[in-house]
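Each reported figure results from applying straightforward, stated rules to the coordinates on display, with no laboratory input. Since the model is a prediction, treat every value here as computed from it, not as a measurement. All Cβ positions, even for glycine, are placed from backbone atoms using ideal geometry, and neighbour counts span all protein chains on display.
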Amino acid sequence: MQQKLEGERAQVLVRLRAGRCFYADPPPPPPGKNARPKHHGRKLDTKAPSTWPTLSAEHRSEDPGYGMVHVRAWAKLDPKTQDHPTRGSRRPRPIIRGALVLVEVGRPPRGERRREPKKLWLWWHGPGEPELDLLWRAYVRRFDLERTFRFLKQTLGWTTPRVRHPEQTDRWSWLVLVAYAQLRLARACVEDLRLPWERRYSPGCLTPWRVRRRVLALLPALRTPAKPPKPWGRSPGRPKGRRSGRAKRYPALKKTA
């Protein structure tokens, strides 16, 4: 992904598993020797702090949810790329440089206080220098985005209808977003209907799932701008001798290898 975004105004921020190894730029060859140039330099093992070089950037801040946050970064590092276009061609592997970021917090977030806080390794690539205070906060927001998409799909039925035309998909997506915005705006207008095992929230900080339980009580007071339906007997249906025709087909989207 990073190779395809080279030259674009985009930033890449992904999480890494512990135990990865990265390499710095190789030192220049000694003068007077015609040896083969090295492809990688000093090794950085995330599990061995003795191999960590000098920091390129560091940030400390106090957060109400995570306590003391310590962020360290090492720039101009590259991993050994395994999946690349020239694999198996005996060509040298491509060099993909980026910044390795280590995030350490004083305490885990609420709801996970029984667990010990773990080290969070991130990989960043983009134009300019990384903003460490923005990076770790942006990655933490990733969990909120995942829960939001899950709520839109499973509760509001974003992916339930099987529409045929792209215009119908766009209209339905906007309707789902409007419904979600109404749930967010109705937080201060409803009372919390909490089950015995659920967490307590302040009136203005209810989740959309909890607001959805009591939002139906607002409909009699708010009413609806739509007119009531008017029954008109049986529909005449399609005129005799007329056919609806074959529906328009769209090619299926397939992921490339």
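Determine the alpha carbon to alpha carbon distance for each of Lys76/Lys254; Lys153/Lys227; Lys43/Lys118; Lys38/Lys119 and list only those over 25 Å.
Details: Lys76/Lys254 36 Å; Lys153/Lys227 29 Å; Lys43/Lys118 23 Å; Lys38/Lys119 31 Å.
Those over the limit are Lys76/Lys254; Lys153/Lys227; Lys38/Lys119.
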- [ ] Measure off 7 Å from each Cα along the Cα-to-Cβ vector at Lys43 and Arg147, then give the distance between these two points in nanometres to one decimal.
- [x] 4.1 nm
Open item on the list: Could you tell me the calculated FRET efficiency between Lys33 and Arg9, based on Cβ-Cβ distance and R0 = 51 angstrom, to the nearest 0.05?
Closed with: 0.75
Task: Residues of the stretch 131-169 with amide N under 19 Å of a point placed 7 Å along Cα→Cβ from Tyr250 - done: 153, 157-169
Open item on the list: Can you tally the net charge around Glu198? Count Lys and Arg as +1, Asp and Glu as -1, for every other residue whose Cβ sits under 12 Å from the Cβ of Glu198.
Closed with: +4
- [ ] Please work out how much length the chain gains when fully extended from Leu218 to Val163, using 0.36 nm per residue of separation minus the C-alpha to C-alpha distance, in nm with one decimal.
- [x] 16.7 nm
Task: Under 27 Å from the Cα of Lys240 - lysines, other chains or at least 8 residues apart - done: Lys230, Lys248
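Which chymotrypsin sites (Phe, Trp or Tyr not before Pro) does the stretch 149-213 hold that lie in a coil by DSSP with at most 10 other beta carbons within 10 Å?
Details: sites: Phe149, Phe151, Trp158, Trp172, Trp174, Tyr180, Trp197, Tyr201, Trp209; in loops: Trp158, Trp197, Tyr201.
The qualifying sites are Trp197.
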TODO: Choose one of Ala138, Val71, Leu183: the residue whose Cα lies farthest towards the positive end of the charge dipole of the chain (beta-carbon charges +1 Lys, Arg; -1 Asp, Glu; about the Cα centre).
DONE: Leu183
Open item on the list: So for the chain, averaging the separation of alpha carbon pairs under 8 Å that are six or more residues apart and normalising by length, what relative contact order in percent results?
Closed with: 13 percent
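Please give the calculated 222 nm ellipticity per residue for the chain, where each DSSP H segment of at least 4 residues contributes -39500 (n - 2.57) and the sum is spread over every residue; nearest 500 deg cm²/dmol?
Mean residue ellipticity, 222 nm, calculated: -6500 deg cm²/dmol.
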Task: Counted charge near Leu77, where neighbours are those whose Cβ lies closer than 13 Å (Asp, Glu -1; Lys, Arg +1) - done: +4
